[in-house]
Ligand SMILES: NC(=O)c1ccc[n+]([C@@H]2O[C@H](COP(=O)([O-])OP(=O)(O)OC[C@H]3O[C@@H](n4cnc5c(N)ncnc54)[C@H](O)[C@@H]3O)[C@@H](O)[C@H]2O)c1
Ligand SMILES: O=P(O)(O)OC[C@@H](O)[C@@H](O)[C@H](O)[C@H](O)CO
């Protein structure tokens, strides 16, 4: 029976408890709801920790979830069957434009945690890891904040970027009490994501205040995390599956895989949920775990996205079933592994690798390659260039990684040749470089200038782009 014919009631909070707001989240997308909100809901002290979540760009998710009192269904999709769970940790949902409410909530002393999933590009950092002064939205936000510091206000909708919004909210908190410690927990796929969040806020604060405010480190704990749970975009078919199985209408369910991991590092001087009771791990040094995840999972995802699309595939599972793509993934993992094995940490690379194969091959998770392919100019630096550069420094060739960059260059050029718009935060710059005298060197330099300056890397990428056979 079609879901539309079932006439089921709308999902509501009902008897599910409503914990008080003590966490503010920025970036109310699918991943936050599959991951941090799920860990918070399963923690032993879940009844004490409610989340007020803000979208990043548009009001739709906040509006739809508000109609359901913030409650939604988490569909855990294994290869053989779905498991349905109602999550109630989000108790308030708001649009990104509501910065007055954001500042009020972050200023509440009961709130001691801010989490972030605003995408890699949402940090507005340049290649040197500091706030990008060339970003027009950043410049506009700084002008708004400077006007506010001269006595004006910041009307809702005036701030466009996460760094400015979070700065404005934290500045409000510390204007009231300078000892109100809070933790900012970045959950985006960036290496050193806590430091990245700090750099973004520092960049805004330094211009607006003329100096680094004391609260930046005295008041804020910048937590590093490695976050892992494959969460594709929800489809209309998923809404129907939820209604058919749960007999209620949920207009905003989230579908995710059974696997989940959250590794955190850093001191929380103020209170936080006991996420460890829900399976989160706390470690002294995060970097090795983060490299394992970003290089092996996200790096292979990007490989499958570009090589897979070039070879006519749509999804991760579809591309993994292609022996050429699967063999490229294996080669990339050999490269990653050769570096990870030199790290002083128990990384269980063999087990991680075997688990990744099963996760990527899960036929029930329909993860669109085009979703992963977006913003390659930002993502490849982290996922692919980093292991190549380390391999080159250790005397290796790094060819398996260079092949991924070659696939990306072919993808970009193919898309442009077909007249398609490239889904990338630097789409204009990509088009400019692709039309330059030496497009391969220019595009490679966008991922890492060191690779464009390295004769071996440039020659390999030229050859691999030219070969074409292996990737398309
Ligand atoms: N989906 C996953 O499997 C997964 C897994 C691990 C980590 N992550 C991290 O979470 C991020 C979000 O993933 P998702 O699946 O929730 O995506 P999504 O598209 O469902 O949600 C993204 C959220 O970020 C906001 N956003 C987008 N661009 C922004 C910008 N420029 N500035 C501020 N906010 C912006 C959106 O409005 C939305 O709230 C990823 O980019 C990644 O860093 C995702
Ligand atoms: O979310 P992005 O865009 O950074 O990357 C796309 C995928 O590689 C990513 O979402 C993975 O599914 C995720 O990181 C798994 O934990």
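Computed values, structure above
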quantity	calculated
Within the range 177-274, strands (runs of 3 or more DSSP E) holding 3 or more residues that are touching a helix residue (DSSP H, G or I) at 6+ places or on another chain (Cβ under 9 Å), modelled with pLDDT of 95 or more and within 16 Å of ligand 2 (Cβ to nearest atom)	220-228, 254-256, 261-265
Criterion: within 23 Å of residue 371 (Cα to Cα), modelled with pLDDT under 95, away from ligand 1 (no atom under 12 Å from the Cβ) and over 23 Å from the mean Cα position of the chain (by Cα) - qualifying residue of 3, 79	79
Residues located in the range 313-325, provided they are part of a helix (DSSP H, G or I) and surrounded by 16 or more Cβ atoms within 10 Å (Cβ to Cβ)	316, 317, 318, 319, 320, 325
Residue 14 vs. criteria crowded, with 21+ Cβ neighbours inside 10 Å, at positive phi and in a loop (DSSP other than H, G, I, E, B)	no
Options 88, 50; residue that is touching a helix residue (DSSP H, G or I) at 6+ places or on another chain (Cβ under 7 Å), more than 11 Å from ligand 1 (Cβ to nearest atom) and within 22 Å of residue 273 (Cα to Cα)	88
Some residue of the range 285-295 being farther than 17 Å from residue 361 by Cα and exposed (fewer than 15 other Cβ atoms within 10 Å of the Cβ)	yes
Output for the range 171-201, where each listed residue is within 16 Å of ligand 1 (Cβ to nearest atom) and either more than 30 Å from residue 297 (Cα to Cα) or surrounded by fewer than 18 Cβ atoms within 10 Å (Cβ to Cβ) (or both)	192, 195
Some residue of the range 87-109 being in contact with a strand residue (DSSP E or B) (Cβ under 6 Å, 6 or more places away or on another chain) and more than 26 Å from residue 165 (Cα to Cα)	yes
Enumeration of residues in the range 56-74 that are touching a helix residue (DSSP H, G or I) at 6+ places or on another chain (Cβ under 8 Å) and either within 16 Å of ligand 2 (Cβ to nearest atom) or free of Cβ contacts under 8 Å to residues at least 24 places away in the same chain (or both)	56, 74
Filter result (farther than 18 Å from residue 103 by Cβ and surrounded by 24 or more Cβ atoms within 10 Å (Cβ to Cβ)) within the range 20-33	32, 33
Residues located in the range 104-131, provided they are within 16 Å of ligand 2 (Cβ to nearest atom) and either without any contact (Cβ under 8 Å) to a residue 60 or more places away in the chain or over 19 Å from the mean Cα position of the chain (by Cα) (or both)	none
Residue 267 vs. criteria free of Cβ contacts under 8 Å to residues at least 60 places away in the same chain, in contact with a strand residue (DSSP E or B) (Cβ under 7 Å, 6 or more places away or on another chain) and assigned by TED's automatic domain parsing to the domain that holds residue 60	yes
Single match in 303, 294 (criterion: in contact (Cβ under 8 Å) with a residue 60 or more places away in the chain, assigned to a helix (DSSP H, G or I) and within 30 Å of residue 24 (Cα to Cα))	294
Inter-residue pairs, beta-carbon under 6 Å, first more than 17 Å from residue 329 (Cα to Cα) and in the range 405-421, second part of a loop (DSSP other than H, G, I, E, B), 6+ apart	415/422
Filtered residue count, the range 38-58, keeping only those that are outside any helix (DSSP H, G or I) and at pLDDT 95 or above	10
Condition met for residue 145 (at pLDDT 95 or above and more than 16 Å from ligand 2 (Cβ to nearest atom))	yes
Pairs, first over 18 Å from residue 321 (Cα atoms) and without any contact (Cβ under 8 Å) to a residue 60 or more places away in the chain in the range 361-377, second in a loop (DSSP other than H, G, I, E, B) and away from ligand 2 (no atom under 11 Å from the Cβ), C-beta under 8 Å, six or more apart	374/424
Wholly enclosed helices (runs of 4 or more DSSP H) of the range 350-455 bearing at least 1 residues buried (at least 17 other Cβ atoms within 10 Å of the Cβ), away from ligand 2 (no atom under 16 Å from the Cβ) and more than 20 Å from the chain's Cα centre (by Cα)	386-393, 399-417, 427-434, 439-447, 449-452
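The values are calculated or read from the model by the stated rules, or taken from the named source; none is laboratory data. Only a predicted model underlies this, so the values are computations on that prediction, with no experimental measurement involved. Note that we place each Cβ from the backbone using ideal geometry, even for glycine, and neighbour counts take in every protein chain shown.
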